[in-house]
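The values are calculated or read from the model by the stated rules, or taken from the named source; none is laboratory data. Small disclaimer: the values here were computed from a predicted structure and weren't measured. Here the Cβ is made from the backbone with ideal geometry for all residues, glycine too, and neighbour counts use every protein chain on show.
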Amino acid sequence: MIYLIDEQVFRQETYGWNIEKLNEYQGIISTHKDSKKLSIENIKKEKIVFLHESFPNEGLKNQLYEHNAQNRDFGLVVFSGSKNERRKNATGNRVDLPVSVFYKNLEIFLQEIKKGNKPNVNYLLYGRNPEEEKIIIDEIDKRNNEVDADPIVAKKENIIFLTAEKYIEDPFSNMESETLFSEKKVFSDSFLHRDVVLHFLNDKVFDNLYIPLCFGNTLSDLNGLRLAAHIRCTPTPNQLKNIFIYGVVPYEKLIQNPYFDILKTKNVFYIDYSIKALQEAEKRVTEPFLQSELANEIRKIQLVAPKDNHSIANEWAIYRWAKTIESSDNDIEKINAKIESDLYYKYLKTIYPISATDTSLQNLEIQIPQDEKPKILYIDDESKKGWSEIFETILCHNSKIEQFDYLDIDFSQNREEIVNQAVQKIKADDIDIVILDFRLHHSDFENNDLKGNTSIRILQEIKKYNQGIQVIYFSATNKIWNLQKLQALGADGFIIKEAPENSIDPQFTADTIGNFKEVMETAVKRKFLKIIFLICKQIKKNIENQIALNPFEEYNKFLKILITQIKIIEQAISKIDLKVKMSMDIVFLSAYNFLEHFKNYYFKYDNKDYRYYIGEKKEDVNNYYFDRQNKFIKNKDVIKDLTWFCAMANLFIDYFEICSQEDKKVEYLNKVKDKRNNYIHEDKSFFDEKEVIMVLSLCENITSKLKP
């Protein structure tokens with residue numbers, strides 16, 4: 001049995017390997033994504049194991065690497081989106097290859113086993129033609145033995161790159177030559193960038209660059225096309241010089257190579273593997289390649305991002321944001337180094353350069369009201385890779401926000417652990433604003449159903465705890481239906497991570513960072529919602545406690561009316577839009593109406609005595625009011641017309657004994673009355689958040705000592 005160890009079902013499905021297709025090879029291959037269910041001893045008993053390089057169990061991987069190194073009979077195939085070439089080690093028991101090649105050739109490999117043949121990793125390496133490598137080697141040997149011309153004197157400055165062995169003779173007697181040799185035997189993007197392009201082409205200026213089509217661990221990788229793309233995407237004195245790629249592979253067999261399109265760009269030519277062809281190439285007359293033409297020419301290549309690498313959008317966005325706002329730390333520098341050397345990123349940098357105007361955001365500041373001290377939490381599985389530093393630069397260094405923290409999610413945790421960890425942190429730190437990544441668990445990449453998404457679970461738990469906590473989604477998804485669904489579930493805002501395809505708009509980075517500023521400023525302004533939802537929660541608790549304790553039918557009917565009223569208030573709060581002043585007015589007036597119900601229930605007018613009484617025991621009502629000098633007055637005068645303020649003062653001071661006559665609450669009652677009356681008589685335009693908190697706090701006060 002062959003073990004296929006890959007933590008992402010989504011990755012397999014992306015490359016066409018769904019459960020139905022895998023079941024076709026039952027008995028030959030078994031798939032494993034959960035490291036907890038794997039036994040290293042059982043794995044070691046197998047002859048061959050397929051392992052994705054990013055499998056989240058370092059201990060298991062290290063044991064497999066060690067066992068493979070010590071046992072020539074144990075075969076290990078390691079595949080990854082970060083690998084640029086196919087490679088077999090000297091003993092032949094370890095193969096490294098790109099994930100796209102692995103899943104593309106896996107069916108051919110398994111079909112051969114199904115036919116009764118022994119496992120042959122060459123089918124994984126080369127597909128249906130496992131002799132492909134030998135054919136190229138034999139043809140190069142043949143050409144090297146056929147000397148078709150003598151060296152001549154070059155008329156231009158030329159450099160020829162040679163393979164480490166079996167290389168072509170020098171076509172010119174006065175040309176510079178360099179050998180493409182890797183001590184580590186790895187011809188990665190970083191090697192080609194650092195040890196070839198920058199090492200050989202960054203000082204001296206040449207007219208023509210000659211590159212072998214086939215070099216490296218696997219000649220059929222056609223690494224010359226990749227090297228040519230590196231040269232074009234690296235700012236050096238030779239970036240725009242003529243490139244001649246010499247090889248023995250027929251032109252039509254180059255078309256399937258991902259870097260074939262480099263041959264469609266200006267002044268890049270494929271020529272025959274012969275001394276004469278190299279000499280004739282020098283005579284070719286070409287138009288100068290201008291820097292202004294570079295981006296459009298490189299767009300012809302149309303490189304595709306690795307399907308399984310969800311970090312690409314994240315790293316690209318970090319790079320763009322960090323450069324624009326001038327933020328840096330060790331993690332950001334690691335990403336910058338990767339983007340400087342990885343060909344896909346270099347390609348993106350070439351076709352989407354950061355515009356000079358973007359640097360105006362270097363000192364971006366979130367405007368925070370002086371008395372506000374928001375507590376902000378960022379939740380992401382990749383927060384330590386640069387985003388935490390970027391947010392700290394904007395929020396803490398530039399905007400002087402004191403309380404910003406991040407929760408770095410372990411991608412290998414199960415969903416429940418992630419949700420619980422996040423919610424506990426939010427509760428413990430009394431968080432006001434959460435910046436939440438859309439995908440926090442590997443299953444979130446496999447399941448398009450939002451209901452199963454880990455971040456949605458966190459969102460729902462947050463809103464269940466307190467609807468007023470602001471949740472800002474931070475994601476590379478810009479699908480409108482996703483955003484609409486997230487908004488319907490309670491998301492308060494969205495910040496789009498800049499995916500590579502977004503960068504076609506030169507203003508996208510600046511616009512996105514500007515949107516971040518706007519979204520965060522709005523979230524800070526809406527922070528008060530957390531307070532008023534908390535007040536409403538306490539009001540409901542106060543009323544529900546009374547319902548549980550009191551059997552009186554009329555009283556319970558009143559309490560249920562209050563429950564209905566507080567639900568109406570909560571609904572109004574959930575619809576508050578800071579751009580629509582009336583939305584706040586509705587909350588204030590609903591809360592005022594909530595208090596009005598107390599006046600209607602507790603106070604009765606006796607037609608015999610011609611006076612008001614309070615409660616079932618018909619207690620006397622004091623006459624409370626503020627005189628024209630704003631002095632608080634209490635007397636026993638008979639009240640002919642019971643005002644709202646007088647009723648509330650009697651309930652607060654006498655009936656419920658919530659406060660004394662000197663308490664600030666009495667003053668607040670009077671203020672609420674005045675503000676409401678001014679609004680009704682159009683002497684006041686709208687209510688603000690402090691006034692809403694004031695009236696709702698009075699609602700909480702009056703329910704704190706309820707009695708029949």
May I ask you to list the residues in segment 597-613 that are modelled with pLDDT under 95 and touching a Phe, Trp or Tyr at 6+ places or on another chain (Cβ under 7 Å)? 604, 605, 606, 612
Consider only pairs whose beta carbons are under 8 Å apart and that are at least six residues apart or on different chains; among these, list those whose first residue lies in segment 650-661 and is farther than 14 Å from residue 703 by Cα and whose second residue is part of a loop (DSSP other than H, G, I, E, B). 650/621; 650/622; 654/622
Does segment 568-589 hold any residues that are acidic (Asp, Glu) and either buried (at least 18 other Cβ atoms within 10 Å of the Cβ) or touching a residue at least 24 places away in the same chain (Cβ under 8 Å) (or both), and which are they? 570, 585
List every residue pair whose Cβ atoms sit under 9 Å apart, with the two residues 6 or more apart in sequence or on different chains, where the first one lies in segment 1-21 and is of a type in the set (D, E, K, R) and the second, anywhere, is surrounded by fewer than 14 Cβ atoms within 10 Å (Cβ to Cβ). 7/34; 13/19
Scan (1) in the same structural domain as residue 221 (by the TED database); (2) of a type in the set (A, V, I, L, M, F, W, C); (3) buried (at least 21 other Cβ atoms within 10 Å of the Cβ); (4) under 33 Å from the mean Cα position of the chain (by Cα) for the single condition residue 294 breaks and write down its number. (3)
Go through the residues of segment 463-471 one by one and say whether even a single one is farther than 22 Å from residue 569 by Cβ and within 19 Å of the chain's Cα centre (by Cα). no
Within the group 136, 160, 152, which residue is in contact (Cβ under 8 Å) with a residue 12 or more places away in the chain, touching a Cys at 6+ places or on another chain (Cβ under 7 Å) and closer than 30 Å to residue 197 by Cβ? 136
Looking at 62, 93, which is the one that is in contact with a Phe, Trp or Tyr (Cβ under 8 Å, 6 or more places away or on another chain) and more than 19 Å from residue 12 (Cβ to Cβ)? 93
How about segment 145-171: which of its residues are over 30 Å from residue 339 (Cβ atoms), in contact with a Lys or Arg (Cβ under 9 Å, 6 or more places away or on another chain) and not acidic (Asp, Glu)? 149, 155, 168, 171
Qualifying residue in segment 113-128 (condition: modelled with pLDDT of 90 or more, assigned to a helix (DSSP H, G or I), within 30 Å of residue 414 (Cβ to Cβ) and in contact with a strand residue (DSSP E or B) (Cβ under 7 Å, 6 or more places away or on another chain)): no
Any residue that is charged (D, E, K, R), crowded, with 18+ Cβ neighbours inside 10 Å and modelled with pLDDT of 95 or more - is there at least one of those in segment 549-567? no
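Before we move on, is residue 458 under 25 Å from residue 373 (Cα atoms), among the β-branched types (Val, Ile, Thr), touching a residue at least 40 places away in the same chain (Cβ under 8 Å) and touching a Lys or Arg at 6+ places or on another chain (Cβ under 7 Å)?
No; evaluated as a whole, the condition is false for this residue.
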Restricting attention to segment 40-79, which residues are in contact (Cβ under 8 Å) with a residue 60 or more places away in the chain and either β-branched (Val, Ile, Thr) or in contact with a Pro (Cβ under 9 Å, 6 or more places away or on another chain) (or both)? 47, 48
If you take just the helices (runs of 4 or more DSSP H) that sit entirely in segment 264-343, which of them hold at least 1 residues that are closer than 30 Å to residue 11 by Cα and touching a residue at least 12 places away in the same chain (Cβ under 8 Å)? 294-298, 311-325, 330-341
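Condition test on residue 246, is it touching a residue at least 40 places away in the same chain (Cβ under 8 Å), aromatic (Phe, Trp, Tyr), crowded, with 24+ Cβ neighbours inside 10 Å and not in a helix (DSSP H, G or I)?
For residue 246, the condition - touching a residue at least 40 places away in the same chain (Cβ under 8 Å), aromatic (Phe, Trp, Tyr), crowded, with 24+ Cβ neighbours inside 10 Å and not in a helix (DSSP H, G or I) - is met.
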Tell me yes or no: at least one residue of segment 593-604 is free of Cβ contacts under 8 Å to residues at least 24 places away in the same chain and of a type outside the set (A, V, I, L, M). yes
Run down 482, 515 and say which single residue is in a helix (DSSP H, G or I), within 22 Å of residue 321 (Cβ to Cβ), modelled with pLDDT under 90 and not hydrophobic (A, V, I, L, M, F, W, C). 482
Counting just the residues of segment 109-133 that are in contact (Cβ under 8 Å) with a residue 12 or more places away in the chain and closer than 25 Å to residue 250 by Cβ, which one comes out surrounded by the most Cβ atoms within 10 Å (Cβ to Cβ)? 124
Name the residues in segment 70-99 that are farther than 16 Å from residue 48 by Cα and out of contact with any Asp or Glu (no Cβ under 9 Å at 6 or more places or on another chain), would you? 90
Which listed residue, of 352, 347, 378, is at pLDDT 90 or above, in contact with a strand residue (DSSP E or B) (Cβ under 6 Å, 6 or more places away or on another chain) and either surrounded by 20 or more Cβ atoms within 10 Å (Cβ to Cβ) or closer than 30 Å to residue 229 by Cα (or both): 378
So residue 136 fits all but one of (1) in contact with a strand residue (DSSP E or B) (Cβ under 8 Å, 6 or more places away or on another chain); (2) of a type outside the set (S, T, N, Q); (3) buried (at least 16 other Cβ atoms within 10 Å of the Cβ); what number is the exception? (1)
I need a count of the residues in segment 532-565 that are without any contact (Cβ under 8 Å) to a residue 40 or more places away in the chain and under 43 Å from the mean Cα position of the chain (by Cα). 6
Quick check on segment 426-435. Is at least one of its residues assigned to a helix (DSSP H, G or I), modelled with pLDDT of 90 or more and either of a type in the set (A, V, I, L, M) or buried (at least 20 other Cβ atoms within 10 Å of the Cβ) (or both)? yes
